[in-house]
Amino acid sequence: MSTMSRVSNVYYLASSEPPTPRAARLSPSLVLRLRLLSFYWRLRMTAAELCDVLRRFGRPMGEPDSIVLEQRAEIILAGAAPRILGPARVIDLAEARARLRA
């Protein structure tokens, strides 16, 4: 057997800085208080949303503003006005090529 060493493409780099120490743990009572506070606000927001939905009973958020809807309809209809079209131009490709070569 031959004891020839193989070339390796693995390089080992030294760490650039020591690992940072972990942050101090919060006390269990503080963690519990923060979780309860978060739960309270989530519950409060959910209850407010439910009350709003039940108060409306499936109706949309507000009554539609008829003036705004009329203005929007006028804008849409004004943009859809038909353009006045003239006669179509006939393009002669052979003549266009001749003009480009000249």
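Where a number appears in this text, it was derived from the coordinates with a stated rule and is not lab data. All figures in this text were calculated on a predicted structure; none of them were measured in a lab. Because the Cβ atoms are built from the backbone with ideal geometry, glycine has one as well, and the counts that use them run over all protein chains shown.
Counted by Cβ distance under 14 Å from Arg42, the other residues give a net charge of +1, where Lys and Arg count +1 and Asp and Glu count -1. The simple Förster model, with R0 at 41 Å and r as the Cβ-Cβ distance, assigns Glu70 and Leu50 a FRET efficiency of 0.75. Each label was represented as a point 7 Å from its Cα along the Cα-to-Cβ direction; for Ser15 and Ala94 these points are 8.3 nm apart.
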